[in-house]
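Presented below is the structure to which this report refers.
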Amino acid sequence: MNTHESERYDPYAPVVPRTVAPTGPRRSPLPVRALRALSGAVAAGVVILCLVVIGSAYVGGGRGFPGPGAISITAHVVASVFVIVAQRIADRREGLAAVLASVAVLAAAALLLATQWWG
């Protein structure tokens, strides 16, 4: 048999995968993973605060107590949406993009706390 005949395409032959060097998933450095974890916990806290503010407005309105106003509720909802989007970016990107998204989560939470809780 000729060398060229053995290399002909056979549609019924079993598929043999090409050899590829095995590579494991890339892991981010420890400081980036730690920052992601911290910003993830902070993002969850912002969402919980948003739910608390909405719940207190509902309960306060039903019982005649003054509760948080529309501005406070809107600020918490906007901050919650922002931190969720930023955290998703931080979790799915690598390097500087992940760090910047994590820092954005922390900055948004700090801004929300400074303006709505401590202001």
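One line per residue, one yes/no per condition, for (1) of a type in the set (A, V, I, L, M, F, W, C); (2) free of Cβ contacts under 8 Å to residues at least 40 places away in the same chain:
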position	(1), (2)
Thr19	no, yes
Arg26	no, no
Ser39	no, no
Gly55	no, yes
Val59	yes, yes
Val81	yes, yes
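Tell me, please, whether a residue that is modelled with pLDDT under 95, farther than 30 Å from Ser28 by Cα and of a type in the set (D, E, K, R) can be found in segment 85-98. Checking segment 85-98: not a single residue is modelled with pLDDT under 95, farther than 30 Å from Ser28 by Cα and of a type in the set (D, E, K, R).
The values are calculated or read from the model by the stated rules, or taken from the named source; none is laboratory data. A quick note: this is a predicted structure, and the numbers were derived from the prediction, not measured. Quick reminder, even Gly has a Cβ in these numbers, built from the backbone with ideal geometry, and neighbours come from all protein chains shown.
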